[in-house]
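A.B. asks: Below you will find the structure I want to go over with you.
The values are calculated or read from the model by the stated rules, or taken from the named source; none is laboratory data. A quick note: this is a predicted structure, and the numbers were derived from the prediction, not measured. Don't worry about glycine lacking a Cβ; one is built from the backbone with ideal geometry, like all the others, and counts go over all protein chains shown.
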There are 2 protein chains.
Amino acid sequence: MTLLNLPEIQKKIDQLFTSENFRKEPIELYNPIDYTLKLGGKRIRPAMLLAACQMFGGDIERAYNAAIGIEVVHNFTLLHDDLMDRSPLRRGLPTVYTKWDENTAILSGDAMLILAYQYLTKDPHDNIHAIINTFNDMACEVMKGQQYDLNFEHRSDVSAEEYLDMIHLKTAALFIGALRIGGLIAHANAQDLDYLETFGHHLGLAFQIQDDMLDTFGDEAKFGKKPGQDIRDNKKTILLITALKQCTQSQQQELASWLQFSPADSDEKVHAVREIYNQLDIPRQMNQLIAHHYQMAQTALRQIEIAQSNKASMQQLMEQLLHRNK
Amino acid sequence: MTLLNLPEIQKKIDQLFTSENFRKEPIELYNPIDYTLKLGGKRIRPAMLLAACQMFGGDIERAYNAAIGIEVVHNFTLLHDDLMDRSPLRRGLPTVYTKWDENTAILSGDAMLILAYQYLTKDPHDNIHAIINTFNDMACEVMKGQQYDLNFEHRSDVSAEEYLDMIHLKTAALFIGALRIGGLIAHANAQDLDYLETFGHHLGLAFQIQDDMLDTFGDEAKFGKKPGQDIRDNKKTILLITALKQCTQSQQQELASWLQFSPADSDEKVHAVREIYNQLDIPRQMNQLIAHHYQMAQTALRQIEIAQSNKASMQQLMEQLLHRNK
């Protein structure tokens, strides 16, 4: 079997989403789903699933539906998160609850979660039970992660460990789920699935810390949205948590006063908080943390007992994520 | 194997829900789930699932988790419906979005849907794939039914056929899903599963038309809520649809003026619309329709090719529903 490289896998995923018809009856329920799924995005999770399947010698054509399912469940979480966070834009376009209304966002999101299960269970895999259990546990962890994230809004004493536990659930769990399901479809053994899990854990943490960095220091032209949203929202990111732990008393007073400040135009606040982060050398520390988790991911990938050539597309995917600026 | 009668099945279900621990971490996510699932209710759907399993000689102990799953998915739909409909009370107690808030209702509801899948797939049934596909299709139909119900709010030309199609999706689909899954766990054959489906379809329609009747003409002391809510909300029930089709021109004018009337205290509206329904003999017509669907359900149950004695608890369940006043 010829192995696909990453661009070929990504092209295939784009084709899947372009050709798939999500517009069913009733249109009031399915048009928002179609809108959400055709908005694009990086489609990282289905690429992980297919690369994992291929790595272990699986037939990736038998993993297409599961790959769609994993992207659908990811987009379900975004759709409901955008409603809960009252985010007006996603990928530069209106979110479902702003383009339609709240009830549409609730019900279409619910239908998307069910749709994800429908794609996941479309093909007759002999180990479908293990695949579904993996998917269930993953989806449950994402919900828990979102809840902890909401809880953190009302707390001022969130530790770095708690933050990392939260993003393990909210972000890494979906990576791990995608990887394990891809591995299961190819009948990878339990040991290799555990290595995949470690790989996904560290990749997920690195990815989310990068996200926090891009939100604060990203290039607006490349990142596609105005940076500083987390600062404006007082989000308990790893940047803020680290800064609060390391700051001097005067910096702490300054940060505290900015945290109580929420005017309509808060560019001043974004600049000021960013300045404190720079004084504390937060960007360098964060880049070290990201590099650490990439290294751990790399080690886990190496430990998987198959030919290195089989891992090429997964290696490419990791490097693409490492060098992303959006 | 000794067959359980309906009270024994219902007692078992109550025990399951009393002993099951739904309060996990994070409590902000799971307390509303526990609250919802311990509120009680008639637990009709798990009883259907267990009665169906037992009917075909299945071991009902192997169906307990699926029975919990079907009640969890039902309560998930209620939780999100109450939010979408802005209903303050459910079973006489505050709904989740009023007791907590909207975001809690959204996220806890999402977690409940996933929890339903977790219960459904807990046991290692050899036909788990068919069980999950049945559950997926059922859940998808319920979402479609809810969407059509929402669509009908903005339409004045809903036909009786459209209404019955809607309640087939919104109400009967869950009955059918519960019955088929119970049958699948007991390895019932395809022909008998189809009879079960016909049984569930008619039982669901009869049940929902009864619900509409109870909402309008029910006894407050027994029904547990003030009757007339559908009238106050201008809901397109089968009562209103039938009345609009059969009314005289003067009755039509009167109905139309009441439909535009929505004061805080609308007891007058409830009495007036109920009076028109009585003039048009709507209650008798509805009771005939209910009796018709019970008869069709009875016929389907009879056609199932197993000993009549095996059907005793299902027969009891049907009769309990037929004579309900709440």
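A.B. asks: Any residue in the range A:126-139 that's without any contact (Cβ under 8 Å) to a residue 60 or more places away in the chain and within 16 Å of residue A:186 (Cα to Cα): show its pairings with residues that are of a type in the set (S, T, N, Q) and surrounded by 21 or more Cβ atoms within 10 Å (Cβ to Cβ) at Cβ separation under 6 Å, as long as the two are six or more apart or on different chains.
C.D. replies: From the range A:126-139, the pairs are A:132/B:121.
A.B. asks: Counting only residues that are more than 9 Å from chain B (Cβ to nearest Cβ) and more than 27 Å from residue A:162 (Cα to Cα), how many does the range A:123-146 have?
C.D. replies: 5
A.B. asks: Here are A:75, A:5: which of them is within 14 Å of chain B (Cβ to nearest Cβ) and modelled with pLDDT of 95 or more?
C.D. replies: Details: A:5 fails: within 14 Å of chain B (Cβ to nearest Cβ).
Just one listed residue meets the conditions, A:75.
Here is a yes/no grid of residues against (1) assigned to a helix (DSSP H, G or I); (2) under 27 Å from residue B:204 (Cβ atoms); (3) free of Cβ contacts under 8 Å to residues at least 60 places away in the same chain:
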{"position": "B:254", "(1), (2), (3)": "yes, no, yes"}
{"position": "B:257", "(1), (2), (3)": "yes, no, yes"}
{"position": "B:262", "(1), (2), (3)": "no, no, yes"}
{"position": "B:269", "(1), (2), (3)": "yes, no, yes"}
{"position": "B:272", "(1), (2), (3)": "yes, no, yes"}
{"position": "B:284", "(1), (2), (3)": "yes, yes, yes"}
{"position": "B:287", "(1), (2), (3)": "yes, yes, no"}
{"position": "B:294", "(1), (2), (3)": "yes, yes, no"}
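A.B. asks: Is it the case, given these coordinates, that residue A:13 is in a helix (DSSP H, G or I), touching a Lys or Arg at 6+ places or on another chain (Cβ under 7 Å), under 29 Å from residue A:137 (Cβ atoms) and away from every other protein chain (no Cβ under 13 Å)? Lay out the reasoning, then the answer.
C.D. replies: Numbers: in a helix (DSSP H, G or I): yes; touching a Lys or Arg at 6+ places or on another chain (Cβ under 7 Å): yes; under 29 Å from residue A:137 (Cβ atoms): yes; away from every other protein chain (no Cβ under 13 Å): yes.
Taking the combined requirement at face value, the residue satisfies it.
A.B. asks: Regarding residue A:209, is this residue of a type outside the set (Asp, Glu) and surrounded by 24 or more Cβ atoms within 10 Å (Cβ to Cβ)?
C.D. replies: no
A.B. asks: Do we have residue A:244 as touching a helix residue (DSSP H, G or I) at 6+ places or on another chain (Cβ under 8 Å), more than 14 Å from chain B (Cβ to nearest Cβ), assigned to a helix (DSSP H, G or I) and over 26 Å from residue A:295 (Cβ atoms) here? Talk me through it step by step, then tell me what you get.
C.D. replies: Values: touching a helix residue (DSSP H, G or I) at 6+ places or on another chain (Cβ under 8 Å): yes; more than 14 Å from chain B (Cβ to nearest Cβ): yes; assigned to a helix (DSSP H, G or I): yes; over 26 Å from residue A:295 (Cβ atoms): yes.
Yes, satisfied.
A.B. asks: I would also like to ask the following. For residue A:118, are the conditions met, namely being buried (at least 18 other Cβ atoms within 10 Å of the Cβ), at the interface with chain B (Cβ under 10 Å from one of its Cβ atoms), under 19 Å from the mean Cα position of the chain (by Cα) and more than 24 Å from residue A:304 (Cβ to Cβ)? Give the derivation first.
C.D. replies: Values: buried (at least 18 other Cβ atoms within 10 Å of the Cβ): yes; at the interface with chain B (Cβ under 10 Å from one of its Cβ atoms): yes; under 19 Å from the mean Cα position of the chain (by Cα): no; more than 24 Å from residue A:304 (Cβ to Cβ): yes.
Spelling it out, it is not the case that residue A:118 is buried (at least 18 other Cβ atoms within 10 Å of the Cβ), at the interface with chain B (Cβ under 10 Å from one of its Cβ atoms), under 19 Å from the mean Cα position of the chain (by Cα) and more than 24 Å from residue A:304 (Cβ to Cβ).
A.B. asks: It is to be established whether one or more residues within the range B:84-107 are more than 27 Å from residue A:87 (Cβ to Cβ), more than 8 Å from chain A (Cβ to nearest Cβ), among the charged types (D, E, K, R) and surrounded by fewer than 22 Cβ atoms within 10 Å (Cβ to Cβ).
C.D. replies: Yes; the residues of the range B:84-107 include at least one that is more than 27 Å from residue A:87 (Cβ to Cβ), more than 8 Å from chain A (Cβ to nearest Cβ), among the charged types (D, E, K, R) and surrounded by fewer than 22 Cβ atoms within 10 Å (Cβ to Cβ).
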